[in-house]
Structures are given as structure tokens and as C-alpha cells.
Amino acid sequence: MVRVTSLLAQGPGSPSGNTDIGLELNVKLTAQSHLDTHAYEADPRPWPVRRYWPDQPEWHGGLVALEEGWALCSKDSGDNAPLWALGARVFRPGEYITLRRPDGEELVFRIVNVEQD
């Protein structure tokens, strides 16, 4: 597993980003820095995700693979909880991760670090 750390680059109320808002994903990557679908299929438990925001409790959830791509689910919500679609091609510093809320609003995070967990 590797830990991918990213900071908000753009989002509602933060058009220029906010380095106090972050997203950490603990994932398995291929040699090309893509999410490792085969590793996930071999052990299909959600990969840990943490989101932190000033003046709000940390959010913990998981990254899951769906037929149409990857999504974040809440750790404490049931199976009917809305999913946040995750869009990213390569997981390297300088690349971007887009999260699409269930209401369609998007948050864009810039990857600042990728390290062995």
C-alpha cells in the first residue's frame, strides 16, 4: 500500500484552493502509478481514505471499485449512502484527483506526496 496525500486545489467556496483541506488515500498502485484493479479484485475490501477540513471532524471512508470507475464511500454509513465519484488517471505528485459529490459539485485535489505506507 502507498499513501497518496493531496490538498484542495479548487472547490466550492475555494476557487484558488485551500492547503488546510486534504485527502489521503491508502491504495495499491501499478508500476505506472494507476490504481491496481487486479489487487483490489483479489481482496475487494475498501481501501482506507481520510479527508480533513478545518473546524470539522475528520471524515473516514473507503475507496471502492465499481463497474463505472472508483468511488469513495463513508465508513460509518450503510450500503445506501451516496458515493462520491473519484476521477484520476495517474497518482504522482503534481497530478490531480477530482471528487464529484452526489449533488454534482466537484472538488479538485492536487497530489503533493506518494509514499510507502
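What to note about this one:
- Charged neighbours of Ala85, selected by a Cβ distance under 10 Å, balance to 0 (K, R count +1; D, E count -1).
- By the helix-only formula, in which each DSSP H run with n ≥ 4 contributes -39500 (n - 2.57) and the sum is divided by residues, the chain has a 222 nm mean residue ellipticity of -1000 deg cm²/dmol.
- Which of Trp59, Trp84 has the fewest Cβ neighbours within 10 Å, and the rest in rising order: Trp59, Trp84
- Inter-probe distance in nm under a simple model that places probes 7 Å from Cα toward Cβ, at Tyr52 and Thr19: 1.4 nm
- Each Cα pair under 8 Å and six or more residues apart adds its sequence gap; the mean of these over the residue count of the chain is a relative contact order of 29 percent.
- Temperature 25 °C, viscosity 0.890 mPa s: under these conditions the Stokes-Einstein estimate for the range 2-116, based on its Kirkwood radius over C-alpha pairs, is 171 µm² per second.
- Highest-MSF residue in the chain out of Gly22, Gly94, Gly13 [GNM, Cα springs under 10 Å]: Gly13
- Between the range 29-63 and the range 86-114, the alpha-carbon centres lie 12 Å apart.
Values in this text are rule-based calculations from the coordinates and carry no lab data. Note that the structure is a prediction, hence the values are computed from the model and not measured. In this analysis, Cβ positions are derived from the backbone assuming ideal geometry, glycine residues included, and neighbour counts consider all displayed protein chains.
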